[in-house]
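One structure is given below, encoded as structure tokens.
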Amino acid sequence: MFNRLIAIITAAVMALPAFAQPVVLESTYWEAQVANGEMDRAALRIPGTPLIVDLEAKGRMFGTQGGTLRTMVTRSKDVRQMVVYGYARLVGYDHNYALQPDILRDYEVEDQRKFTLHLRPGHRWSDGAPFTSADFEYWWKHVAQNEELSPNGPPEVMRSGGEIATVTFPDAYTVVIEFSLPNPVFLQSLAGASPPFIYRPAHYLKQFHVDFNTADAMAQMIRSKRVRGWAPLHNKLDNMYKFDNHQLPTLQPWMPVNAGGSSRQLFVRNPYFHRVDARGVQLPYIDVVELGIVGSGLVAAKSNAGESDLQARGLDFRDVSILKKGETDGAAYKTLLWANGAASQIAIYPNLNFADPIWRDVIRNPRFRRALSMGIDRRMINRALYFGLGTEGGMTALAQSPFFDASNLSKWAVYDPSTANAMLDEMGLNKRDKAGYRLLSDGRPMEFVIETAGERQEVENALAIITDTWRDIGIKLIMRPLDRDILRNRVFSGVTMASVWFGWDNGIPQAYTPPGYLAPTDQVFFAWPKWGQHHQTRGAAGEPVDMEPAQRLMDLNAAWAITDDEETRGKIWREMLGIHANQQYGIGILSEAPQPVVVSDRLRNVPELGKWAWDPGAHFGIHRVDEFYFADDPHAEVSQ
Amino acid sequence: MMFVRYAGYRLLTMLLTLAVVSVLIFIIINLPPGDYLSNQIAELRATGQAEGVAKAEFLRKEYALDRPLWQQYLIWVGAFPGPQGFSGLLQGDFGWSFEFDAPVAEIVGDALWLTVLVNLAAVLFVYLVALPLGVLAAARSSTWVDYTTAFVGYLGLATPNFLLALMLFYYGHKYLGLPIGGLMAPEFEGEPMSFEKVRSILVHLIVPTFVIGTSGAAGMMQRLRANMLDELSKPYVETGIAKGLAPTRLLTKYPLRMAFNPFVADIGNLLPAMVSGSVLVSVVLGLQTIGPALLTALKSQDQFLAAFVLMFVALLTLIGTMISDLLLVLLDPRIRYGAREG
């Protein structure tokens, strides 16, 4: 009966001529509030020009509103994952990784210098207050340039070549940001998983800001909130990414409500969200998201028991067996295997800035790094740890990237112990001890210490396999599991010989992707912590780059930033990837390892094959969780 | 009257011990080089983020981390004026957690009571299981009853707690519908006590109690059995049998009472073992006790949080020892209050 009703309504809706803008339907979740006048009708809540998502173009189905999505994180500060999953950004990546306006109605770019942002008239914050250029102005004038709130001045995204941008606000729905030099990374950073929020809900935050209150009122507020000053209070309350202040208005699809507990956090639909589907149903489809905070060891067990509707965080490939067991035991979910979007699942970083001079010379010799890479049996690791589902090869762009080159993947990355042995002999490392390990020039045996963050079992298993195959090339691998923070600090201070981490976060670069992470610009690339520091601190710490190919990467990175010609940028990217494959700065082992994703049988519109990536990708964000919906009976889908 | 005096004396020694423990805890926590803030400052410096450095320097001053260690200790305890005057443990200010960026009291809050609850339940479980099984195993020694209890007991001793926990969760959920992890259903958190909430807590307690308690119960059972066996071979038992005493009455009235002392004295050992053991179990089981907080605090050198949690665990231990001492005095007339006087 009900199904038929829906069918009739649907038919009626479909029979109407296609309007530019659909009639917006009321949502049941806020029915009571609308009925007693606390809230406007849905049609008035959305912006005048909402973002109408094209579900059909993506092969997705129209859904219905309602339901509670349960998912889990492992630390209470991971509440911020909801900003990541929600993925409402000024501009965002679509499913083809192309930038599209999202919160913005539109934007214009001139010479990569002048960015004109057009807001959606009628767009409102989650508390119903209008979202206008005043919110950008508040952030720019009273937060970013306030000496107490931002002692260091506006963040990096508002600077180009060290110079601060000029921002103007011609009218309520226009913001113009102008840089004196091109800032090619501006839009990409706005679309990031953890973006800089260049706007703030001014109407809410003004009450905590010294510019808008009398000294008396401020003093009283500081006393009643028991804080040390107004700036710490403002900083604590205005964090749009942490999502820890449920009173802070948001533009995300779901907004936090105070559930008063430490083991779960509730999020309810944002009544003023700016996206609707072509039938006039306001997104998100799902009413409530229940974010459970559980021990990290329990995510697999709880998923197995069907206690999560959508789960990838906290699950590893080794959990697949227990997840599949749950499926066959009748729990109502299926386990999808998505591909990891990092350039490498496991990569070894020999430290070019290692403190020991003899070892450093060896490590800096490209033949040594190539030999190490050729001494790894990637096939065996892939089969032993990932059932052969990963892609074996060195660290380079993944197949979805326009810069993918199969020869980069296999360069110096095919298991060949005899060539590796010959290369090491040529280097003069031909003396061996009784156990068959090579000796350094000062007579020490070559004990190659690799430090790990001690978090991922797969890393330790892979290193155990590599230990065996490196023995055949006369190198003794010693694994040293540490804690994540300790590892980072050791690497940054140069006392780590080699370490293991993921490959580059972004394995699918496009021409517009800034290639900074391929050049020695940041200490977090564990092969060159000191060079990275030198760049990051503008020479105050670390060491300058003193190797030719690395300097070339630096120059190419600079060259990329001053051009916006797609072809030149592509050429730069290819050359940089080529240098990395040839130099083996990071020795990749395999990529696209499967990431298990548990999806409830009732949850629809979840892609069968997705990418699990941080940036770009925002984990589930790029797959648009707001378009997922629940349907009880697989045959009761709202017909097209 | 004598008992009250003895109790007062024990309380005094307990407080003294606690003071000594607090010194030890503070020293040990400060043994690794650096502290949370200096580590953070080093990292911020290396990346050239001056704003963060300024804030961290401010916090270092604010929490007196730039002073000599002995002053830091006294300020922490509250016996020396810090930047805010006297404000330490004695004044009820437990300090600031840098990792969570909130006062320590706010973070541990409810967790303290849940920690006490979990460990009380486990102690109760140990005694309820060990007492009847230990006596039974001794009375029926070298029969299938003895062997079965011993076998189950050794299994409990030998299985790592976290493994036991995961197995119990899996099968408990599959066959009994028991919840996985946590100490109550999430919707009850922060709610006032109600019948439903108590029920939810009780159901959630089943697996953790079992996991934390099994090894303790197994050990205690074996000790009780051994003590009982010693007594059972003594002549007075034979006399009792010869006089025709009913077996149950004979057992409980004479040998059990004799074998009871170590059983009670064990509380002192049991409580610390379980409290420290339950820290890791809590992490694995996802219990909202202070265990997970302690682990994060120790890993990141969040010293005030770590120190407070360790103090709390020490306090529980000392209370356990005190209870066992007082109970012994009450139970066994052979123990006198002031043996030194006599």
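Got at least one residue in region B:266-282 being out of contact with any Gly (no Cβ under 6 Å at 6 or more places or on another chain), more than 30 Å from B:V116 (Cβ to Cβ), of a type in the set (V, I, T) and in contact (Cβ under 8 Å) with a residue 12 or more places away in the chain? No, region B:266-282 has no match at all.
I'd like the full set of residues that are of a type in the set (G, A, S) and over 27 Å from the mean Cα position of the chain (by Cα), limited to region B:59-91. Steps first, answer last, please.
Of all residues in region B:59-91, those of a type in the set (G, A, S) come to B:64, B:78-79, B:82, B:85, B:87-88.
Within region B:59-91, B:A64, B:A79, B:G82, B:G85, B:S87 qualify.
When A:T467 is tested against (1) crowded, with 20+ Cβ neighbours inside 10 Å; (2) over 22 Å from A:A541 (Cβ atoms); (3) more than 23 Å from the chain's Cα centre (by Cα); (4) among the β-branched types (V, I, T), just one condition goes unmet, and that condition is (1).
For B:M311, state whether it is at pLDDT below 80 and more than 14 Å from chain A (Cβ to nearest Cβ). Write out each step before concluding.
Working: at pLDDT below 80: no; more than 14 Å from chain A (Cβ to nearest Cβ): yes.
When the stated conditions are applied, B:M311 does not pass them.
The residues of region A:175-185 that are surrounded by 16 or more Cβ atoms within 10 Å (Cβ to Cβ) and either at pLDDT 90 or above or among the basic types (K, R) (or both), listed by number, are A:V175, A:V176, A:I177, A:F179.
For region A:146-170, a residue qualifies if it is within 14 Å of chain B (Cβ to nearest Cβ), in a loop (DSSP other than H, G, I, E, B) and under 21 Å from A:L90 (Cα atoms), and the qualifying residues are A:P154, A:P155. Filtered by the rule that a residue be within 12 Å of another protein chain (Cβ to nearest Cβ), over 18 Å from A:D356 (Cα atoms) and of a type in the set (V, I, T), region A:453-500 gives a lone residue, A:I486.
Pairs are defined by a Cβ separation below 7 Å, a sequence spacing of at least 6 or placement on different chains, a first member in region A:26-41 that is touching a residue at least 60 places away in the same chain (Cβ under 8 Å), and a second member that is assigned to a helix (DSSP H, G or I); the pairs so defined are A:S27/A:A42; A:M39/A:W30; A:M39/A:Q33. Restricting the first member to region A:420-439 and to residues that are farther than 15 Å from A:W470 by Cβ, and the second to residues that are surrounded by 14 or more Cβ atoms within 10 Å (Cβ to Cβ) and β-branched (V, I, T), the beta-carbon pairs closer than 8 Å and six or more apart or on different chains are A:M427/A:V362.
Residues considered: A:G153, A:G86, A:G162. Of these, the only one that is crowded, with 21+ Cβ neighbours inside 10 Å, among the small types (G, A, S) and within 26 Å of the chain's Cα centre (by Cα) is A:G86.
Read through the list (1) farther than 15 Å from A:M72 by Cα; (2) surrounded by fewer than 24 Cβ atoms within 10 Å (Cβ to Cβ); (3) in contact with a helix residue (DSSP H, G or I) (Cβ under 8 Å, 6 or more places away or on another chain), then give the number of the only condition that A:G306 fails. Tallying (1) farther than 15 Å from A:M72 by Cα; (2) surrounded by fewer than 24 Cβ atoms within 10 Å (Cβ to Cβ); (3) in contact with a helix residue (DSSP H, G or I) (Cβ under 8 Å, 6 or more places away or on another chain), A:G306 fails exactly one: (1).
Which residues, counting only those in region A:374-398, are in contact (Cβ under 8 Å) with a residue 40 or more places away in the chain and either over 23 Å from A:Q457 (Cβ atoms) or part of a loop (DSSP other than H, G, I, E, B) (or both)?
Narrowing region A:374-398 to residues in contact (Cβ under 8 Å) with a residue 40 or more places away in the chain: A:374-378, A:380-382, A:384-386, A:389-398.
Of everything in region A:374-398, those that are in contact (Cβ under 8 Å) with a residue 40 or more places away in the chain and either over 23 Å from A:Q457 (Cβ atoms) or part of a loop (DSSP other than H, G, I, E, B) (or both) turn out to be A:M374, A:G375, A:I376, A:D377, A:L389, A:G390, A:G393, A:G394, A:M395, A:T396, A:A397, A:L398.
Here is a yes/no grid of residues against (1) surrounded by fewer than 13 Cβ atoms within 10 Å (Cβ to Cβ); (2) within 22 Å of the chain's Cα centre (by Cα); (3) facing chain A (nearest Cβ under 8 Å):
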| residue | (1), (2), (3) |
| --- | --- |
| B:S141 | no, no, no |
| B:W144 | yes, no, no |
| B:T159 | no, yes, no |
| B:L164 | no, yes, no |
| B:H173 | no, no, yes |
| B:L178 | no, no, no |
| B:G182 | no, yes, yes |
| B:A185 | no, no, no |
| B:E189 | no, no, yes |
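Would you mind stating whether A:N239 is modelled with pLDDT of 85 or more, more than 30 Å from A:I562 (Cα to Cα) and in a loop (DSSP other than H, G, I, E, B)?
Details: modelled with pLDDT of 85 or more: yes; more than 30 Å from A:I562 (Cα to Cα): yes; in a loop (DSSP other than H, G, I, E, B): yes.
Criteria met by A:N239.
Restricting attention to region A:267-290, does a residue exist that is within 14 Å of chain B (Cβ to nearest Cβ), touching a helix residue (DSSP H, G or I) at 6+ places or on another chain (Cβ under 9 Å) and assigned to a loop (DSSP other than H, G, I, E, B)? No, the conditions are met nowhere in region A:267-290. Residues that are of a type outside the set (A, V, I, L, M), touching a Lys or Arg at 6+ places or on another chain (Cβ under 8 Å) and within 14 Å of chain B (Cβ to nearest Cβ) within region A:538-562 comprise A:G542, A:E543, listed in sequence order. Yes or no: region B:30-53 includes at least one residue that is at pLDDT 80 or above, touching a helix residue (DSSP H, G or I) at 6+ places or on another chain (Cβ under 7 Å), farther than 30 Å from A:G542 by Cβ and surrounded by 13 or more Cβ atoms within 10 Å (Cβ to Cβ). No, there is no match, as no residue in region B:30-53 is at pLDDT 80 or above, touching a helix residue (DSSP H, G or I) at 6+ places or on another chain (Cβ under 7 Å), farther than 30 Å from A:G542 by Cβ and surrounded by 13 or more Cβ atoms within 10 Å (Cβ to Cβ). The set of residues from region B:275-296 being more than 14 Å from chain A (Cβ to nearest Cβ) and surrounded by fewer than 24 Cβ atoms within 10 Å (Cβ to Cβ) comprises B:S276, B:G277.
The values are calculated or read from the model by the stated rules, or taken from the named source; none is laboratory data. Keep in mind that this is a model prediction, so the values were computed, not measured. We place every Cβ from the backbone using ideal geometry, glycine too, and count neighbours over all the protein chains shown.
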